[in-house]
Structures are given as structure tokens and as C-alpha cells.
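Presented below is the structure to which this report refers.
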Amino acid sequence: MPWNWEDPHWPELTFDSAALEPLERQFLLRSGEFVGAFKHMGAEDQAALRIELISDEAVKTSEIEGEILSRDSVQSSLRHQFGLGPEQRGVRQQSAASPK
């Protein structure tokens, strides 16, 4: 799939809202199910899930940019930044996510 800016019509992109409607409906339904399930989790499980989701996004985003991050390093850094524990020993912090 090409990047948006590689499209010859960039930045005047168009889309078919009717074609996206079923996907949007499915997204809204599933996100509502997720929020409902999340509210019934304990605080520790919520924190663990938050770390998992954010680290997954960070690792995937870095891969798009051609940089490979250590999932363990990113998770360790996130736990530390969110006050959920110290950074783990033995986890290389050079590739961990950090605010700029």
C-alpha cells in the first residue's frame, strides 16, 4: 500500500463514505465491547493491558520507520514512566520509548 503523499491526488484525497460505513460500524461496536470489558478489569490488569497496547503501537510504528525496538525495553520504560514499577535490569533502555 502506498503512502498517502505518494498518491497523485495528494493532498486532495477522496473516499467513499458508503464503503467505509460498515467498517466504521464494526469498529464502534468492537471498541464499545472493549471499553465495557476494560471497566470490569481490576486496576492491575488495566495497567498491564494499557502497557501492552501502547508498546504494541510503539513497536509497530517504529518498524514502519525502519527501526526495530525491543518490546521488553519499551514495556519496561512505559511501566517506569507511568509509575508502575522500576525499569527492569538487563533491559536495554537505548531503544525504549521516551518522551521528547
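The values are calculated or read from the model by the stated rules, or taken from the named source; none is laboratory data. These numbers come from a predicted model, not from an experiment. No Cβ is skipped: glycine too gets one built from the backbone with ideal geometry, and neighbour counts run over all protein chains shown. The protein model used for the area step is the full one, side chains on, heavy atoms only, and it has no ligands, DNA or RNA in it. Shrake-Rupley method; radii C 1.70, N 1.55, O 1.52, S 1.80 Å.
For the stretch 30-57, give me each residue that is within 17 Å of the chain's Cα centre (by Cα) and among the basic types (Lys, Arg).
Within the stretch 30-57, Arg30, Arg50 meet the criteria.
Among the residues of the stretch 34-86 satisfying the criterion of being part of a helix (DSSP H, G or I) and open to solvent by 100 Å² or more (accessible area, probe 1.4 Å), which is farthest from Asn4 (Cα to Cα)?
Pass one, the stretch 34-86, residues part of a helix (DSSP H, G or I): 34-39, 43-64, 71-81.
Right, trim to open to solvent by 100 Å² or more (accessible area, probe 1.4 Å) and you get 39, 44, 50, 57, 60, 64.
Values: Lys39: 36, Glu44: 39, Arg50: 29, Glu57: 20, Lys60: 18, Ile64: 14 Å.
Of everything passing the filter in the stretch 34-86, Glu44 is farthest from Asn4 (Cα to Cα).
Contact list please: Cβ distance under 7 Å, first residue in the stretch 7-25 and open to solvent by 100 Å² or more (accessible area, probe 1.4 Å), second residue at pLDDT below 90 and not charged (D, E, K, R), pairs at least six apart or on different chains.
Trp10/Asn4
Can you tell me which condition Lys60 does not meet? The list is (1) at pLDDT below 70; (2) within 14 Å of the chain's Cα centre (by Cα), and all the others hold.
Answer for Lys60: the failing condition is (1).
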